[in-house]
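Where a number appears in this text, it was derived from the coordinates with a stated rule and is not lab data. This structure is a prediction, so every number in the text was calculated from the model and none was measured. Glycine also receives a Cβ, built like all others from the backbone with ideal geometry; neighbour counts cover every protein chain displayed.
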Amino acid sequence: MEFLDVPTILKVSAAFNLMAALAWLTLAQAFRIAPRAGRLMAAGHVLRFATQDWGGGLAGWPPLLQQAIPEFGLLGCIVLLLLALRRMLRSRRPPSDIAWVGGLGAFGIAVGLAIGSAPATELASAAAVTTLALLAVREVVRGVGSQLSRIATGVTTLPFALLAGMSLAHGAELLLEPSWSGHLLRGELPTPERAVLWYVVTASITLSLIALMVWRVVTRIQHLTYRDPLTGSLNRRAFEQALTEAQAQLQRGHGFALAMIDIDHFKRVNDLHGHPAGDAALQHCVRIWQAGLRKVDRLGRLGGEEFCALLPLASPGDLATAAAVTERLRAALAAEPLAWEGLLLPLSASFGVALPVAGDAAGEIGLARADAELYRAKAEGRNRVCVATHLLGATA
Ligand SMILES: Nc1nc2c(ncn2[C@@H]2O[C@H](COP(=O)(O)OP(=O)(O)OP(=O)(O)O)[C@@H](O)[C@H]2O)c(=O)[nH]1
């Protein structure tokens with residue numbers, strides 16, 4: 001580390017915090033990207049900038065403040081960062097756990113300062129920072145769920161895990177060698193290795209949060225592009241894209257079935273109970289059908305009260321399985337009326353199931369066949385599943 005002296009590393013780190021604060025504030029205020037999370041992040045970086053020891057910067061201050069300012073500053077910065085992370089990942093969990101850990105940490109630091117024990121002060125700070133960093137790891141893992149690959153989740157959580165590890169190691173170091181603490185009070189600077197490590201961790205936490213923010217924005221754009229805003233099912237364009245991809249897979253022996261769906265007498269719901277009731281009925285149907293479908297299945301709203309489910313099959317011609325799945329969807333809706341303004345509105349739908357045709361690139365022939373079966377289900381009395389030429393389910 002001879003090429004970099006410690007005061008330079010500390011100044012670079014301070015400048016980085018200031019620039020990061022400006023960048024988050026610009027994203028939040030000028031571009032309205034993750035505004036609340038951005039403001040919290042900016043506040044965290046400003047706090048770190050203002051309270052970090054830049055190498056002798058606190059030398060003229062009273063000894064108590066020389067130790068108190070960086071310890072409280074670091075703790076406050078990590079609390080703000082964790083709150084920002086929670087907002088970024090749209091977590092609904094109340095911040096009481098963060099408040100508890102931050103509050104206990106601050107109390108521990110204050111007690112350490114009051115009794116004049118530098119090791120106790122640093123130990124309280126290390127314990128709180130370790131816990132907060134572990135909470136951050138948990139937050140990311142839960143927040144991204146299965147939506148990111150394991151590698152991406154691992155890379156994103158790594159900086160927080162590193163921070164937890166460093167704080168834990170520092171705590172252990174203080175227990176084994178209490179004389180190491182209070183280096184600020186003695187006017188000592190950290191070693192170049194420590195200073196660089198802190199800088200790397202701070203910078204990688206910022207990069208990790210930027211990656212999460214980009215991921216959030218991209219996910220939102222994808223949702224707006226591919227989802228029906230009312231029901232959350234795929235919109236027509238996205239469903240057609242899924243169908244085209246499934247048709248291509250058909251050549252490789254991966255079969256699927258199409259179940260065309262239309263809610264029965266839906267106009268009556270609108271006419272008798274109003275448009276909002278109709279909207280609620282559409283959401284109700286999609287919630288029930290999504291619950292009955294597997295993760296690999298795709299449900300799309302093709303328009304109005306017409307939907308289509310794309311059901312991948314284990315064996316290409318397995319129409320019986322597709323019919324059984326569709327019958328389950330029919331029965332589930334028929335069994336669960338919509339609760340609307342104190343009333344229970346019975347709902348049902350008709351279904352037409354068909355297999356796709358190889359070589360039909362956009363899947364139009366399969367859709368037309370499923371549509372013909374749906375037409376037959378309507379004509380034969382509704383609330384039923386018609387498959388190819390066979391009637392499999394029928395209820396009055
Ligand atoms: N509330 C609401 N209604 C919609 C929406 N999209 C379409 N509709 C209504 O859905 C109704 C469809 O009615 P029809 O095509 O006559 O079909 P139906 O009443 O379900 O009759 P069958 O299909 O023959 O059983 C129309 O009244 C449309 O206005 C929507 O997003 N929200």
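What the Cβ-Cβ distance of Ala320 and Ala99 gives, at R0 = 51 Å and to the nearest 0.05, is a FRET efficiency of 0.35. Under the convention that each Lys and Arg Cβ holds +1 and each Asp and Glu Cβ holds -1, the size of the dipole of region 240-396 around its Cα centre is about 300 debye. Projecting the Cα positions of Ser13, Ala50, Thr326 onto the charge dipole of the chain (unit charges on Cβ atoms of Lys, Arg, Asp and Glu, taken about the Cα centre) puts Thr326 furthest along the positive direction.
Seen from a random direction on average, the alpha-carbon convex hull of the chain projects onto 26.5 square nanometres. Computed from point charges on the beta carbon alone (+1 for Lys and Arg, -1 for Asp and Glu), the dipole magnitude for the chain about its Cα centre is near 580 Debye. Using a 10 angstrom cutoff on alpha carbons, build the Gaussian network for the chain and name the most mobile of Arg328, Arg268, Arg382. It is Arg268. Evaluating kT/(6 pi eta Rh) at 25 °C and 0.890 mPa s, with the Kirkwood radius of region 6-226 over Cα pairs in the Stokes-Einstein relation, gives 136 µm² s⁻¹.
With each label modelled as a point 7 angstrom along the Cα→C-beta vector, the Arg236-Gln290 pair spans 2.1 nm.
Simple point charges give the picture: +1 on the Cβ of Lys and Arg, -1 on the Cβ of Asp and Glu, and for region 198-330 a dipole about the Cα centre of about 400 debye.
Can you compute the label reach from Phe31? Point 7 Å from Cα along the Cβ direction, backbone N cut-off under 17 Å, restricted to region 202-220. What the label zone holds, given the 17 Å backbone N cut-off, is 206-220. Among the trypsin sites (Lys or Arg not before Pro) within region 1-102, those in coil by DSSP and having at most 16 neighbouring Cβ atoms inside 10 Å are Arg32, Arg90, Arg92. Each of Ser146, Ile109, Pro178 was placed along the dipole of the chain (beta-carbon charges, centred on the mean Cα), and the one lying farthest toward the positive end is Ser146. Under the simplified labelling scheme, the Arg142-Glu364 pair shows an inter-label distance of 5.0 nm, with each label point 7 Å from Cα along Cα→Cβ. For the listed peptides 67-80, 192-205, a ranking on the average number of other beta carbons within 10 Å per residue, highest first, reads 67-80, 192-205.
Stretching Ala172 away from Arg150 to a fully extended chain increases their span by 4.9 nm, per 0.36 nm per residue minus the current alpha-carbon distance. With respect to the chain, whose longest principal axis is taken over its alpha-carbon atoms, helix 319-335 is tilted by about 80°.
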